[in-house]
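Let me begin by presenting the structure, written as structure tokens, before commenting on it.
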Amino acid sequence: CRLWRMFRTLRTAMRAPSIVGPIDLVLLRHGESEGNLAKEKILDGSADLFSDKFQQRHTSNYRLTSLGRKQSAEAGKWLKENFGSFDRHYVSEYLRAMETAAHLNIPDARWTLDFMLRERDKGALSSLPPDVRKERFPLDEKMKKMDPFYWVPTGGESIANMCIRVQSSLNYFDATCTGLKVLVVCHGNLMNGFRMRIERVPKSEYVAMDKTTDPNEEIHNCQVLWYSKRNPHTGEIVADQSYRWLKSVCTWNTA
């Protein structure tokens with residue numbers, strides 16, 4: 001759990017301050033999925049979970065593991081303890097995100113499915129283990145090393161293009177959710193995209209942020225990024241177009 005961090009985003013000069021968009025925007029990554037588990041096993045030297053059948057599935061159909069379901073339930077408890085309820089609830093149409101939303105068990109939640117909140121699309125490389133990727137798509141490996149931010153995987157999208165989707169979602173929230181508490185269940189790469197657009201993280205810092213091994217900076221399964229215009233110490237709402245405070249919490253391990 002990280003303490004509240006205050007930051008300033010870029011603002012247009014000479015514009016009178018006013019509240020635009022949600023007071024609280026809470027982003028939650030889904031619980032551990034089959035895809036996450038398969039990648040963890042790779043790090044342990046086993047590619048057993050990358051069966052032919054697994055490689056033929058689209059990543060949108062990955063389901064939660066038993067651990068992922070437990071993480072989601074713990075995340076629901078944390079959200080209810082810290083927020084009680086939300087005014088709007090949005091969720092990616094990917095199965096693992098929808099299952100996470102269900103296991104949060106938030107009373108009276110009315111979830112809106114939004115395909116714009118899907119994970120970054122890595123196209124033909126999505127369900128392949130690293131060695132198969134290198135063998136089948138050597139040009140992708142070369143282009144990724146040249147510039148991972150602008151690299152477009154075969155049949156997929158670049159990080160830059162994903163961030164355009166994120167900005168579209170932020171524009172929508174600004175237009176329809178002013179003054180509200182908003183919960184969004186989505187994905188790790190997408191949450192880094194939200195960080196980039198909200199905090200105005202430059203490309204050079206994004207690449208380092210995306211590859212961090214610092215447990216305090218990683219976006220774990222069921223990690224929360226809580227952006228707020230409400231002073232966490234006084235409760236005062238700051239009339240501003242930008243978020244002023246960020247809190248990052250791993251909801252199943254708040255130590």
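The values are calculated or read from the model by the stated rules, or taken from the named source; none is laboratory data. Model, not experiment: these values are computed from the prediction. Neighbour counts are summed over all protein chains in view; Cβ atoms, including those assigned to glycine, are modelled from backbone coordinates with ideal geometry. Quick note on the areas: whole protein, heavy atoms, side chains included, nothing else; ligands and nucleic acids left out. Shrake-Rupley method; radii C 1.70, N 1.55, O 1.52, S 1.80 Å.
So which pairs qualify, if the first residue must be in the range 68-89 and open to solvent by 60 Å² or more (accessible area, probe 1.4 Å), the second must be in a helix (DSSP H, G or I), the Cβ gap must be under 7 Å, and the two must be at least 6 apart or on different chains?
Arg69/His103
Taking the range 204-255 as the search range and keeping residues that are in contact with a Lys or Arg (Cβ under 9 Å, 6 or more places away or on another chain) and part of a helix (DSSP H, G or I), which one is nearest to Lys77 (Cα to Cα)?
Met209
Name the one entry in Ser33, Ser18 that is over 18 Å from Thr176 (Cα atoms) and open to solvent by less than 60 Å² (accessible area, probe 1.4 Å).
After ruling out the rest, the residue left standing is Ser33.
Looking for whichever is in contact with a helix residue (DSSP H, G or I) (Cβ under 9 Å, 6 or more places away or on another chain), within 22 Å of Ala97 (Cβ to Cβ) and at pLDDT below 95 here; the options are Glu218, Glu205. Which one fits?
Glu218
Only residues that are part of a helix (DSSP H, G or I), in contact with a helix residue (DSSP H, G or I) (Cβ under 9 Å, 6 or more places away or on another chain) and either touching a residue at least 40 places away in the same chain (Cβ under 8 Å) or under 17 Å from Gly193 (Cβ atoms) (or both): list them for the range 93-122, please.
Arg96, Ala97, Glu99, Thr100, Ala101, His103, Leu104, Met116, Leu117
Mind checking which residues of the range 36-67 are more than 19 Å from the chain's Cα centre (by Cα) and open to solvent by less than 60 Å² (accessible area, probe 1.4 Å)?
Within the range 36-67, Ala38, Ile42, Ser46, Ala47, Phe50, Ser51, Phe54, Gln55 qualify.
Restricting the range 180-216 to residues that are over 8 Å from the mean Cα position of the chain (by Cα), among the polar types (S, T, N, Q) and under 26 Å from Leu64 (Cα atoms), which is surrounded by the fewest Cβ atoms within 10 Å (Cβ to Cβ)?
If we take residues in the range 180-216 being over 8 Å from the mean Cα position of the chain (by Cα), among the polar types (S, T, N, Q) and under 26 Å from Leu64 (Cα atoms), then Thr213 is surrounded by the fewest Cβ atoms within 10 Å (Cβ to Cβ).
Quick one: in the range 138-155, which of the residues that are touching an Asp or Glu at 6+ places or on another chain (Cβ under 9 Å) and either assigned to a helix (DSSP H, G or I) or over 21 Å from Arg197 (Cα atoms) (or both) is least open to solvent (accessible area, probe 1.4 Å)?
Within the range 138-155, the match that is least open to solvent (accessible area, probe 1.4 Å) is Pro153.
Counting only residues that are open to solvent by 50 Å² or more (accessible area, probe 1.4 Å) and in contact with a strand residue (DSSP E or B) (Cβ under 8 Å, 6 or more places away or on another chain), which one in the range 233-249 is nearest to Leu25 (Cα to Cα)?
Per the stated criteria, the residue is Ile237.
Being in a helix (DSSP H, G or I) and touching a Leu at 6+ places or on another chain (Cβ under 6 Å) is the filter here; which residues of the range 76-92 pass it?
Passing the criteria: only Gly76.
State all residues of the range 156-175 that are of a type in the set (Asp, Glu) and assigned to a helix (DSSP H, G or I); if no residue qualifies, say none.
Selection gives Asp174 alone.
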